[in-house]
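Readers should treat all values here as calculations from the given coordinates under stated rules, not as data from a laboratory. Keep in mind it's a predicted model, so treat the numbers as computed, not measured. Please note: Cβ atoms are built from the backbone with ideal geometry, for glycine as well, and neighbour counts cover all protein chains shown.
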Amino acid sequence: VSSEPCGSCPACLEISEGRFIDLIEVDAASRTKVEDTRELLENVQYAPTRGRYKVYLIDEVHMLSSHSFNALLKTLEEPPPHVKFLLATTDPQKLPATVLSRCLQFNLKNMPAARIVEHLQHVLAEERMAFDDGALWLLAEAAQGSMRDALSLTDQAIGYGAGKVVQRDVAHMLGTIDRQAVSSIIAAVLEGEGGALFARIDELAMLGTDFQALLDDLLSALHAVAVAQAVPEVAPPGRVDSDRILEFAGAMTGEDVQLFYQMALNARRDFAYVPDPRRGFEMLALRLLAFRPMESRELALAEAAAGGIPPLEQSSTAGVPGTKKPDAPVAGSSPAGDRAMVGETETETGTLKSGGEGSLPLDRPARSVDTEVNKAAATVPLDAASPATQLPPAGLQRPVARPHVPEDGGISLEQLSPRHWLALFPALKLSGVTGSVVSNTVLASIGGDSIHFVLDRQQAGLYNEVHRQRLEDALSEYFARKITVSVEEGELQGESPALYQLRCKAERRQAAIEELEQDPNIRMLIREFDARLDTDSVTPLD
C-alpha cells in the first residue's frame with residue numbers, strides 16, 4: 001500500500017489487466033438512477049475477496065441524481081473499514097456540499113507538453129515506431145494536457161502515416177498550420193516586403209488554410225518572441241521553429257513585438273465582423289506593414305551604419321556648459337558626403353568641429369595622422385568607459401559622454417578603447433540576433449590582435465559560437481587584419497552600445513521636453529487656459 005505500486009504482485013497484475021474482482025468501476029453517467037446506486041451498495045458490507053480493500057471507482061460522479069447522492073451519503077459517512085471510494089469528476093461544483101465535506105479532494109493538473117512528449121517518446125521507442133520530435137510536440141499541444149488524448153491522437157497518427165509519426169503527416173492530420181508559414185509572414189513584415197507577404201497569403205489560401213487558426217498561430221509566435229526577449233531562459237523549448245523565434249527576438253524591439261501582438265489581438269476580436277476571413281487577415285497584414293514605432297532598433301542600426309555615428313552623437317546638450325547643440329543632419333545631405341556630422345565638443349587637448357575634416361566616417365580603417373585630438377584619443381585607458389550606465393534623471397546636469405574620435409577619419413586597432421567601441425559598433429553592420437547580442441558587450445582588454453569582450457549576463461541565453469565568429473569576421477574586415485575575439489559573460493563595468501543608444505535617446509527626449517516647456521506659446525497656453533503638457537507623448541524628431 002503506497003503511491004508506487006510494484007507492478008509485479010498478483011494484485012498489481014490483475015488491476016492492470018482489468019480483472020481484479022475487488023476493484024468495482026462504475027460509470028455514473030450511464031447509471032444515474034437511485035436503483036443503480038442501491039444495487040451497487042448492497043455488496044459494500046462484504047469483505048474483499050482478493051485484495052486488502054474493496055475499492056469503488058465512480059467516474060463522472062457529478063452525473064448522479066440527487067436521490068442517488070442521498071443513498072450514497074450514509075455509506076460515505078460511516079464506510080466499513082475494508083471499503084474505499086474514489087469519486088472522479090470533471091465538475092466538482094455540481095457535487096452536493098454534504099458529499100464534498102466527507103471527501104479528501106485531489107485536484108489533478110493538466111500534464112505539461114514536455115512531459116507528454118517524454119512519455120510518447122518512451123512508448124514509440126518501445127513499440128519501435130519511427131517518429132520525430134516535431135510531430136510529438138504537435139500531438140502534445142493538441143492533447144491540451146491529457147495523456148489519454150495524446151495516446152489516442154498518436155494511435156491515429158500511426159495509422160495516418162503508415163507506421164511513422166512525422167511532423168508533416170501529423171500537421172495534415174490535425175489540420176494545424178505549418179509554423180514555417182507563420183515564420184515567413186513575420187519575416188516578410190520585418191523586411192517590409194509587401195509583395196512577398198501577400199504572395200504567401202495567396203499560397204495559404206489556395207491550400208484552404210483556416211485564417212482564424214493562422215492568426216492564432218501568429219499570436220502564439222509573437223508571444224514566444226516576447227518571452228524570448230524578456231526571459232530567454234524560460235522560452236518554450238518545444239517549438240519546432242525555436243531557431244526562427246530566437247532570430248526574430250534579436251531582430252525586433254520590444255515595442256515592435258507588443259504593437260504587433262496588440263494589432264493581431266484586435267484583429268482576432270474583429271474576425272466576427274469581417275465578410276471574409278482572408279480579407280480580415282490581409283487587413284492585419286497591411287497594418288503590420290504600415291504601423292511601426294519610429295525608434296525601432298533596426299532603423300537605429302541602419303542610420304548608424306549609413307551615417308557613421310549620428311544615432312550615437314546627436315544627443316542634445318541644451319543648457320550644458322562647454323557644449324553646443326549639434327545640427328540634425330538629413331540623410332544624404334551631409335556637407336562632407338559620407339562623413340558624419342559630429343557636434344562641437346571640448347576635449348582635454350582640443351576641440352572637435354562639426355563636419356569638415358574632423359568628421360568620422362567609419363567605413364574604412366584609420367590612417368595615422370599625428371594631431372592633438374588624435375593623441376588625446378590614443379591615450380584613453382581601456383577602462384575609461386562612460387560612467388553613465390543608466391538613464392539620466394530629469395533635467396540634464398552633465399554633457400553627453402561621447403566617444404573620442406580621431407581627426408583622420410577612422411579608428412585604428414591601437415586607438416581602440418571602450419569609448420571607441422561605442423562609435424565602432426554601428427560600422428560593423430551586425431544585424432539580427434548577432435547585432436542584438438554584440439550591442440550588449442563592453443570592450444574589456446586588447447592584447448596584440450586579440451580583443452576581449454564582456455557580455456551582459458542577461459543576454460547570455462542568446463549567445464553562441466556563431467555570434468563570436470561573426471563579430472571576429474566583422475572586426476577583421478574593418479581593421480584589414482586577422483583579429484581574434486573572445487567573449488565572456490558577466491556584469492558590465494561600463495556602457496554598452498545598447499545602453500548608449502538608450503541613454504542618448506532619453507537625453508534627446510529630455511531636451512525636447514525642456515525646449516517645449518520654454519516655448520512661449522506653450523507657456524501662454526498653460527498660463528491662460530490651465531493647460532498641461534503631456535510629457536509622455538513627447539518624442540524627439542531626430
Along the stretch 524-538, Karplus-curve 3J(HN,Hα) (6.51, -1.76, 1.60; θ = phi - 60°) to the nearest Hz, with x for Gly and Pro, reads 5, 5, 5, 6, 7, 10, 6, 6, 9, 7, 7, 5, 5, 8, 7
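Starting from the Cα coordinates of the stretch 11-119, work out the convex hull volume and express it per residue in Å³.
Numbers: hull volume 14.1 nm³, N = 109.
That works out to 129 Å³ per residue.
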Check Glu25: other-chain or 5+ apart residues with amide H under 5 Å from its amide H, H built from backbone geometry? Leu57
Among Ala511, Ile483, Ala531, whose Cα projects farthest towards the positive end of the dipole of the stretch 448-532, with charges put on the beta-carbon of Lys, Arg (+1) and Asp, Glu (-1)? Ala531
Please give the charge dipole size of the stretch 34-161, origin at the Cα centre, charges +1 on K and R Cβ atoms and -1 on D and E Cβ atoms. Round to the nearest 20 debye. 600
Label-to-label distance, nm, for residues given as Asp276 and Val34 (7 Å Cα→Cβ offset): 6.2
How big is the C-alpha Rg of the stretch 407-542 next to the rule-of-thumb value 2.2 N^0.38 Å, as a ratio? 1.43
Residues whose modelled amide H sits under 5 Å from the amide H of Gly51, counting only those 5 or more places away in sequence or on another chain, are Asp22
Using 7 Å Cα-to-Cβ label points, what is the Ala88/Leu286 separation (nm, one decimal)? 5.3
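Would you mind working out the magnitude of the charge dipole of the stretch 81-142 relative to its Cα centre, with +1 at each Lys and Arg C-beta and -1 at each Asp and Glu C-beta, to the nearest 20 Debye? Intermediate results must be reported in sequence, preceding the final value.
Working: 6 positive and 7 negative charges, 121 e Å.
Dipole magnitude for the stretch 81-142 comes out near 580 debye.
Which pairs in the list Lys74/Lys109; Lys33/Lys74; Lys74/Lys94; Lys33/Lys94 are over 24 Å apart, alpha-carbon to alpha-carbon?
Pairs exceeding 24 Å: Lys74/Lys109.
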Unit charges on C-beta of K, R, D, E only; dipole of the stretch 458-511, Debye: 340
